[in-house]
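Comments concern the structure below.
The values are calculated or read from the model by the stated rules, or taken from the named source; none is laboratory data. Remember, it's a predicted structure, so these values are computed and weren't measured experimentally. Positions of Cβ are generated from backbone atoms using ideal geometry, with glycine treated the same way; all protein chains shown enter the neighbour counts. All accessible areas refer to the heavy atoms of the entire protein, side chains included, with ligands and DNA or RNA removed. Shrake-Rupley method; radii C 1.70, N 1.55, O 1.52, S 1.80 Å.
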Amino acid sequence: MELKFQENFLWGAATSGPQTEGRFKKQHNNVFDYDFDNYQERFWGAIGPDTASNFFNDFREDIKLMKAAGLKSIRTSIQWSRLIDDLEKNTLNEKAVDFYNAIINEFIAQGIRPMINLNHFDLPVELLHRYGGWESRHVVDLYAGFAAKCFAEFSDRVIDWFTFNEPMVVVECGYLLGFHYPDIVDGKKAVQVAYHLQLASALAIEQYRKINQNPEGRIGIILNLTPAYPATEKIEDLKAAEMADLWQNRLFLDASVTGEFPEELVKILSKENVLWSAESADIKCIKENKIDLLGVNYYHPSRLQEPEYSSDSLAQDWRPDKYYAPYNKRGVRMNADKGWEIHPQTIYEIAKRIQEDYGNIPWFISENGMGVENEERFKNEEGQIQDDYRITFTIEHLYWLHKAIQEGSNCFGYHVWTPIDCWSWRNSYKNRYGLISLNVHTQVKTLKKSAYWYKNLTDSSLLQVPNSILEKYDEVLKN
Ligand code: BGP
């Protein structure tokens, strides 16, 4: 079967500054640079962000490859730790301005629309050590100042802007789970950080409305949405899923789209004495500075059941997951390398929810992809990676997205994660997601089979869905 996507559908891919550029000529260390300099052993293969995929030096060749892989748009990010010289006075580094101008211009010259994000977890580490990072109100203000500089320098050409990528990852990985530096485990601090990230997003939007130079310009946020499925219909499991949804999805989603935090969540946080501290003008600022468009990173749903312990037993040590326990459902499809469930039809549910509960705001899939370890094993004799699993994965997700669009979802695009295999936080190069493979030793970059497939798709906007996939989903639709 052949499915047609709308003519102007925005096909592309997503990446970020810290994961591609390398640390060449950078003014400041971000939290990951610092983490790597001090704790190399935390990083897969002890490989840090020093070179990444060398985009700082290779960007012209890389953009050619991206064009060959069919990209019509790209999302990447500007690094605060590169663009700004004096973090307090907010002075520009002219070499960094030249670099970001050069890449934006090159993307446009090659017919690839640049969509620019302002924070992809990469806080300058000095602001963490000096002020406590996102726990600090001052850092929120400094961020809004940095955002203003970006709009002033680049919004004449950049149409689509994003304030943050996955703010919940900053909260959970940095302040609850010990996955990212500063590795703090403190529920109350996590709540304050979440609040400050939302406020920072609103303040950046406020700056944007004053400074933007592009009549078509728009600004949004990128959220990782993980729809929460309860283990059973038991009230305890339903409640667990509801709390996970409030915390993981609705906190930033409601505040960004409607301008208000979910009332139920605010009630729970107040009752637990962990509600954020705020200033009186904040509510108005968040209410008045809503997003124009939403990016959704979708990789997997979350499966929840009631926690084993009673919610009062941990009253001294508040954590959101005292209300819910994630579990691995038996018999589901897994990406074993990454440990994530593969559940394409959840994309349809996300689309429906945005349509029904969030005013059908314009949105796109800003990340979706499949990370595979040791991908070299799939090389053929000509040295090309035969990543049919990635092609199938993408077809299945697009099948469900197309169905939602047919039913009126206001989805305008789809971005794979990621164009060229990139460095990825503490996982470094463990999971390869690219349409283009990277040899980390030689920096040679080669199109995978999926890149040729993607180019055919993005040139025609026609998705060929094999019968094997159709038959499988006919069954799902019947039930
Ligand atoms: C998303 C991030 C990306 C990227 C991706 C894959 O959450 O926005 O930056 O890291 O996940 O993650 P990983 O490489 O750790 O498998």
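Numbers at a glance
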| read-out | value |
| --- | --- |
| Packing-based ranking, highest mean first, of 181-190, 14-23, 144-153, 36-45 given that Cβ atoms within 10 Å are counted | 14-23, 144-153, 181-190, 36-45 |
| Simple label model, 7 Å out from Cα along Cβ direction - Ala281 to Glu475, nm | 5.9 |
| Accessible-area composition of the chain, carbon plus sulfur, in percent [1.4 Å probe] | 49 |
| Alpha-carbon centroid distance for the pair region 1-73 / region 214-249, whole angstrom | 27 |
| Net charge contributed by nearby residues that have their C-beta within less than 15 Å of Leu238 (K/R +1, D/E -1) | -4 |
| FRET efficiency, Met1 to Glu349 (Cβ-Cβ, R0 30 Å, nearest 0.05) | 0.90 |
| Candidate aspartates and glutamates for bridging to Lys95, where Cα separation is under 12 Å - those fewer than 8 sequence places away on the same chain excluded | Asp85 |
| Theoretical gain in end-to-end length, Glu376 to Glu94 [0.36 nm per residue, Cα-Cα removed] | 97.5 nm |
| Three-way shape label, region 117-209, alpha-carbon gyration tensor, a/c 1.5 | prolate |
| Filter on Lys338/Lys448; Lys189/Lys430; Lys67/Lys430; Lys239/Lys322; Lys149/Lys290; Lys379/Lys403 - keep pairs with C-alpha separation over 23 Å | Lys189/Lys430; Lys67/Lys430; Lys379/Lys403 |
| MRE, 222 nm, helices only [DSSP H, n ≥ 4, -39500 (n - 2.57), over the chain, to nearest 500] | -12500 deg cm²/dmol |
| DSSP H segments from the chain that extend 30 Å or more along their own axis, Cα-based, with Kyte-Doolittle mean of 0.0 or above | 187-211 |
| Shape category assigned to region 345-479 from the gyration tensor of Cα positions, a/c cut at 1.5 | prolate |
| Partner lysines for Lys284 [C-alpha distance under 21 Å; skip if fewer than 8 residues away on the same chain] | Lys210, Lys267 |
| Radius 9 Å from Cβ of Phe59, net charge of other residues (Lys, Arg +1; Asp, Glu -1) | -4 |
| Mean Cβ neighbour count within 10 Å, used as a protection proxy, ranking 389-399, 68-78, 95-105 highest first | 68-78, 389-399, 95-105 |
| Residues with amide H under 5 Å from that of Asn93, placed H, sequence gap 5 or more | Ile84, Asp85 |
| Solvent-accessible area per residue, Å², over the chain with all protein chains present [probe radius 1.4 Å] | 40 |
| Longest to shortest principal axis, alpha-carbon extents of region 2-478, angstrom | 61, 59, 47 |
| Rounded to 5, percent antiparallel among DSSP beta bridges of the chain | 30 |
| Using a Förster distance of 22 Å, the FRET efficiency for Thr232-Glu264 (Cβ separation, nearest 0.05) | 0.55 |
